[in-house]
1. So in the range 148-164, with the set limited to residues that are under 28 Å from T85 (Cα atoms) and touching a residue at least 40 places away in the same chain (Cβ under 8 Å), which one is surrounded by the most Cβ atoms within 10 Å (Cβ to Cβ)?
2. List the residue pairs whose Cβ atoms are under 9 Å apart, where the first residue sits in the range 64-76 and is under 14 Å from R110 (Cα atoms), the second is exposed (fewer than 15 other Cβ atoms within 10 Å of the Cβ) and modelled with pLDDT under 95, and the two are 6 or more positions apart or on different chains.
3. Looking only at residues that are within 17 Å of K158 (Cα to Cα) and among the β-branched types (V, I, T) in the range 101-147, which one is most open to solvent (accessible area, probe 1.4 Å)?
4. Of the conditions (1) at pLDDT below 70; (2) touching a Pro at 6+ places or on another chain (Cβ under 9 Å); (3) under 20 Å from R31 (Cα atoms); (4) of a type outside the set (D, E, K, R), I176 clears all except one; give me its number.
5. Exactly one condition in (1) farther than 22 Å from S25 by Cα; (2) in contact with a helix residue (DSSP H, G or I) (Cβ under 6 Å, 6 or more places away or on another chain); (3) modelled with pLDDT of 95 or more is false for A161; which is it?
6. Could you list, in sequence order, all residues of the range 107-163 that are part of a loop (DSSP other than H, G, I, E, B) and among the small types (G, A, S)?
7. Charged (D, E, K, R) and in a helix (DSSP H, G or I): which single residue out of D51, D24, D70, D33 fits that description?
8. Among the residues of the range 29-42, write down those that are under 17 Å from R76 (Cβ atoms), touching a residue at least 12 places away in the same chain (Cβ under 8 Å) and out of contact with any Phe, Trp or Tyr (no Cβ under 6 Å at 6 or more places or on another chain).
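The values are calculated or read from the model by the stated rules, or taken from the named source; none is laboratory data. Everything numeric here is computed off the predicted structure, so don't read it as measured data. Neighbour counts are summed over all protein chains in view; Cβ atoms, including those assigned to glycine, are modelled from backbone coordinates with ideal geometry. Side chains included, ligands, DNA and RNA excluded: accessible areas come from the protein's heavy atoms. Shrake-Rupley method; radii C 1.70, N 1.55, O 1.52, S 1.80 Å.
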Amino acid sequence: MPNYRRLRIPGASYFFTVTLADRDSRLLIERIDALRGAYLRTAADLPFHCDAMVVLPDHLHAVWTLPPGDSDFPERWRRLKARFTREVGLAGPQSASKRGKRERGLWQRRYWEHMIRNEADYRVHVEYCWGNPVRHGYVEHASEWTFSSIHRDIRAGKVDAAWAGNVPILLKNSKIREDR
């Protein structure tokens, strides 16, 4: 059995990719209210700061900063995924292993997580969230995608509404190259 080791540093910032089991699904945007409710209840139970987030049809990306002394992002994701699954009342393919663990099979079991190392790394991952709908071809400009924290950041003056920076591609070894 694999031994997944996650770097859990209290108060750190992390980038996440969380994906539905069905990569052809549009459930996350079709049931965005259920996802927002699950997110809000989870953040109320176990607070964190959401630095950036984008929801696409079958997956989402987020940058979260945990409170000082707290490193339990796995519990936050467990609760958010479970709440959303219960709210939508759907299930995906269930292997014997998933049935044994009472998993509904809606989400992929694992998720990608990356601890943010410095300010440049932070900026790249926030911009990755903003630009991901452009990279997937859903919109031409990041601000056109409804399900993104870029709108909050535009209102706060952190980014220009016409932002069209290079959309970074994040590689598995955490190296970054720019799409041009």
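1. Taking the range 148-164 and keeping what is under 28 Å from T85 (Cα atoms), we get 148-152.
Retained after the next criterion (residues that are touching a residue at least 40 places away in the same chain (Cβ under 8 Å)): 148-150.
Numbers: S148: 24, S149: 20, I150: 26.
Checked the range 148-164; the qualifying residue surrounded by the most Cβ atoms within 10 Å (Cβ to Cβ) is I150.
2. F73/R6; P74/R6
3. Filtering the range 101-147 for residues that are within 17 Å of K158 (Cα to Cα) and among the β-branched types (V, I, T), the one most open to solvent (accessible area, probe 1.4 Å) comes out as V124.
4. Exception for I176: condition (3).
5. Unmet for A161, out of (1) farther than 22 Å from S25 by Cα; (2) in contact with a helix residue (DSSP H, G or I) (Cβ under 6 Å, 6 or more places away or on another chain); (3) modelled with pLDDT of 95 or more: (3).
6. G137, S149, A156, G157, A161, A162
7. On the way: D51 fails: in a helix (DSSP H, G or I); D24 fails: in a helix (DSSP H, G or I); D70 fails: in a helix (DSSP H, G or I).
Of D51, D24, D70, D33, the one residue that is charged (D, E, K, R) and in a helix (DSSP H, G or I) is D33.
8. Within the range 29-42, G37, Y39, R41, T42 meet the criteria.
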